[in-house]
Amino acid sequence: MTDEPLLRVSALSKFYGSRVGCENVTFDLWPGEVLAVVGESGSGKTTLLNCLSTRLLPSSGTASYRMRDGQWRELYRMSEAERRFLMRTDWGFVHQNPADGLRMTVSAGANVGERLMAVGDRHYGRIRATAVDWLSRVEIDEDRIDDEPRAFSGGMRQRLQIARNLVTGPRLVFMDEPTGGLDVSVQARLLDLLRRLVTDLGLAAIVVTHDLAVARLLSQRMMVMKDGRVVESGLTDRVLDDPRAPYTQLLVSSILQV
Amino acid sequence: MATPLVVSDVAKSFTMHLRDGVTLPVVAGVSFSIRTGECAVLGGPSGAGKSSILKMLYGNYAVDEGQIIVQHGNGLIDLASATPRTVLAIRRQTIGYVSQFLRTVPRVSALDVVAEPLVERGEDREAARAKARSLLAQLNLPEKLWALPPATFSGGEQQRVNIARGFITEHPILLLDEPTASLDAKNRDVVVELIAAKKAAGVALLGIFHDLDVRDAVADRVIDVTAFATGKVAA
Amino acid sequence: MTDIATYNFAYLDEQTKRMIRRAILKGIAIPGYQVPFASREMPMPYGWGTGGVQVTASIIGPDDVLKVIDQGADDTTNAVSIRAFFKKVAKVAVTTETAKATIIQTRHRIPEQPLTAGQVLVFQVPIPEPLRFLEPRETETRKMHALEEYGLMHVKLYEDIARHGRIATTYAYPVKVEGRYVMDPSPTPKFDNPKMHRSPALQLFGAGREKRIYAVPPFTGVVSLDFEDHPFEVQTFDQPCALCGAENVYLDEVILDDHGGHMFVCSDTDHCEKRRGDPTSSSWGDRAEGAGGADGQSSPSSTPIPALRADPPHNGEGKEAE
């Protein structure tokens, strides 16, 4: 681990008119660290994620990112071209609904290869070999490489989306409810896969979820949001085992025991 | 003799916001230190706050007051006020923890559950697995279970996986939360041996043992937690 | 002047032509960039070349000689109709001879005979956006052009190779213009792509329904996209034209009977006729040259040209449609 963070977020706020999307969010994220953002729907966690991933411009506040060359850049002052380049090289975004993150009408192989082609790889054989490798890493059979994701199950689609994002070796991945809408057994497999990939690749990730079990399994740190504000943050197991804010206590006490 | 862990004037209470903000004090004025090569045991009746103290020392519970000074690398760090990132580094390098219950991860084999802390510390995966095998063998976990995820194991089997996971690394400080609770006599003896080996290696150990035989076998001294009682008994 | 059935020269009013010329100039200034323009309703349905016709109408002058081809042929309905249209509304000379034409409006072919400086090739374009089939959002494709994000274009070619073992796109094969904009060359066979590269002629593209104009100025680099290990190749034919014996030209398959009889002949009818010394070819040209004479000296001012009427056919016009 380096001594410098990867992402520095300071007093980030997003208002929709007079309504608060998220307010005054401040944190640092280090390389290889997984931060879970939890809260119920409407708590502002998705707004925060969209601001951080520059899909949405905040009303105020700053976020700086340490580029691969070590330079710090303010995300909201970057040109759109730079931001988009960042989005498809050094960042990933895993949507809750795989259809939002995949091209449903092109093959699995092309879905994985798109980012490589976008950064200028023009060798078909090499692109395909990389796609095969990544499909196996997300446990998709090689013989599905030419199938369209439309023919895939929900879990497979989600794994394909992950492969598509990770193929360029990003350093930061945003995930919006990555296991939402999946069967429990499919969810478990996906979580295990994500956990392994994150560890093996040393990825930093910001995972938005309403599922505290997902947060515990994937993240080391956690922020609890309510009404757009961070009400509690800290080590994931500390927040879950010794919740201090009233809202966190409510959340934790609401978990169903199996 | 070095003192890698010094606890001074630590206090802990729980505020139950769902119960009209009632505050449940747990412990206060907790002060002790652990030296290398010794095994100290937290003593006192159930509910006296032994487990809470252990959890604070691991950063799992927040600390209201006081300091927990840990020798981390070449420096001293106050765990009570450390950032999450520092706590994680301390857990990775300095303080190991064997919890009462194993928190299992779906689809990960017992062998990999045990090997994981070593891999996290940068050890080669195969080397870590080899070490995990020998530990699981020592703890008499049937070999046919090694490749299975421990979620469906019995309490005793899970506990052994948990112990192996805690003992596999060479953390200079090791916290043990009732590691022998659901073990039979034979495996309790194995744990006693493992603890003795850690002591010989200069590890500072702090544990909770309800089993008096084990406690007598491993404890160099007992820290009486009732001395830190706040008058009320924690939930 | 009060005759309501009188059209302006080349059908469009002068303001419209100026607007379209501006779009053309902008297109020439930014090779391969799709310039939006206020496409007009034309007296023909979309898909019949309304974009090409508007471009031609905006650049044509009384001295121009117009050739119109449809899939390489001068004698198909579309080509004949458009030629007749301009003969009627601009009274220009028409020809089928590539060399004699100053403006060639084309649907889906580039003539076999190399074009020369001063000639203008006007393409009819159905869907100008090469990224459209992969990215349906216009806002997004515009951004992708602006930021030169063309990885998606290769996704399409990748899919071809994955499915067919080779790049199976045979027409509307995407090109990169002067190292910058990726462009759809309209549904011409990829056989014609190399002809676009550094062509001495000006190439203009009009999409009427989609309201876009783009251009490749003379001597501009036009490179077909490909992969290092699957380089761009044009179609080859294993036999020459059954009529003129030409090789290395683009051939059409012609079905001769109901028993599977067929032959391959030049798609470029003018080229084929020339090679065969077909007399009809020169007669086309002769007549065309003559026809331009009458109003040939009219100045391209904004004054409507009174002689052009919608209904009565001009001399010789009836013959052409035969």
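Give the number of residues within region A:175-189 that are out of contact with any Ser or Thr (no Cβ under 9 Å at 6 or more places or on another chain) and away from chain B (no Cβ under 14 Å).
Of the residues in region A:175-189, 1 are out of contact with any Ser or Thr (no Cβ under 9 Å at 6 or more places or on another chain) and away from chain B (no Cβ under 14 Å).
What residue, among those in region C:127-141 that are open to solvent by 60 Å² or more (accessible area, probe 1.4 Å) and within 12 Å of another protein chain (Cβ to nearest Cβ), is nearest to the chain's Cα centre (by Cα)?
Out of the qualifying residues, it is C:Phe133.
From the list B:Gly43, B:Gly59, which one is under 26 Å from B:Leu194 (Cβ atoms) and away from every other protein chain (no Cβ under 14 Å)? Steps first, answer last, please.
On the way: B:Gly59 fails: away from every other protein chain (no Cβ under 14 Å).
Just one listed residue meets the conditions, B:Gly43.
For region B:144-165, which positions are under 20 Å from B:Ser99 (Cα atoms), without any contact (Cβ under 8 Å) to a residue 60 or more places away in the chain, surrounded by 18 or more Cβ atoms within 10 Å (Cβ to Cβ) and among the aliphatic types (A, V, I, L, M)?
Matches in region B:144-165: B:Val161, B:Ala164.
For region A:99-144, which residues satisfy the criterion of being within 17 Å of C:Ile161 (Cα to Cα) and β-branched (Val, Ile, Thr)?
Within region A:99-144, A:Thr105, A:Val106, A:Val112, A:Ile127, A:Thr130, A:Val132 qualify.
Test of understanding: among C:Gln124, C:Gln105, C:Gln71, which residue is under 12 Å from the mean Cα position of the chain (by Cα) and over 21 Å from C:Leu202 (Cβ atoms)?
C:Gln71
Confirm whether C:Ala23 is surrounded by fewer than 22 Cβ atoms within 10 Å (Cβ to Cβ) and either under 17 Å from the mean Cα position of the chain (by Cα) or within 16 Å of C:Pro128 (Cβ to Cβ) (or both).
Criteria not met by C:Ala23.
Just checking, how many residues over region B:100-131 are under 19 Å from B:Thr152 (Cβ atoms), outside any loop (DSSP other than H, G, I, E, B) and either away from chain A (no Cβ under 14 Å) or free of Cβ contacts under 8 Å to residues at least 40 places away in the same chain (or both)?
Qualifying residue count, region B:100-131: 4.
How about region A:36-125: which strands (runs of 3 or more DSSP E) wholly inside it have at least 2 residues that are among the hydroxyl-bearing types (Ser, Thr, Tyr) and either more than 13 Å from every other protein chain (Cβ to nearest Cβ) or on the phi > 0 side of the Ramachandran plot (or both)?
Numbers: elements: A:60-66, A:72-74, A:91-94.
Hits in region A:36-125: A:60-66.
Give the residues of region C:132-163 that are outside any helix (DSSP H, G or I), closer than 26 Å to A:Thr130 by Cβ and among the charged types (D, E, K, R), sorted by residue number. Full working, then the answer.
Of region C:132-163, the ones outside any helix (DSSP H, G or I) are C:132-137, C:147-150.
Restricting the remaining residues to those that are closer than 26 Å to A:Thr130 by Cβ gives C:133-135, C:147-150.
C:Glu135, C:Glu148, C:Glu149 - these are the residues of region C:132-163 that are outside any helix (DSSP H, G or I), closer than 26 Å to A:Thr130 by Cβ and among the charged types (D, E, K, R).
Given region A:204-258, what helices (runs of 4 or more DSSP H) lie entirely inside it while holding 2 or more residues that are open to solvent by 10 Å² or more (accessible area, probe 1.4 Å), at the interface with another protein chain (Cβ under 10 Å from one of its Cβ atoms) and free of Cβ contacts under 8 Å to residues at least 12 places away in the same chain?
A:236-241, A:246-253
Out of all the residues in region A:17-31, is one or more in contact (Cβ under 8 Å) with a residue 24 or more places away in the chain and either part of a loop (DSSP other than H, G, I, E, B) or within 14 Å of chain C (Cβ to nearest Cβ) (or both)?
Scanning region A:17-31, I find at least one residue that is in contact (Cβ under 8 Å) with a residue 24 or more places away in the chain and either part of a loop (DSSP other than H, G, I, E, B) or within 14 Å of chain C (Cβ to nearest Cβ) (or both), so the answer is yes.
When the residues of region B:34-57 are narrowed to those that are in contact with a Ser or Thr (Cβ under 8 Å, 6 or more places away or on another chain) and open to solvent by 40 Å² or more (accessible area, probe 1.4 Å), which ends up nearest to B:Ala181 (Cα to Cα)?
That would be B:Pro45.
Please work out which one of (1) at pLDDT 90 or above; (2) in a loop (DSSP other than H, G, I, E, B); (3) open to solvent by 10 Å² or more (accessible area, probe 1.4 Å) is the condition B:Leu141 fails and give its number.
(3)
Can you tell me which residue is farthest from B:Val203 (Cα to Cα) among those in region B:81-99 that are of a type in the set (A, V, I, L, M, F, W, C) and within 12 Å of chain A (Cβ to nearest Cβ)?
Once the filter is applied, the top-ranked residue is B:Ala82.
The values are calculated or read from the model by the stated rules, or taken from the named source; none is laboratory data. Predicted model only: the values in this text are computed from it and were never measured. No Cβ is skipped: glycine too gets one built from the backbone with ideal geometry, and neighbour counts run over all protein chains shown. Heavy atoms of the whole protein, side chains included, go into the accessibility calculation; ligands, DNA and RNA do not. Shrake-Rupley method; radii C 1.70, N 1.55, O 1.52, S 1.80 Å.
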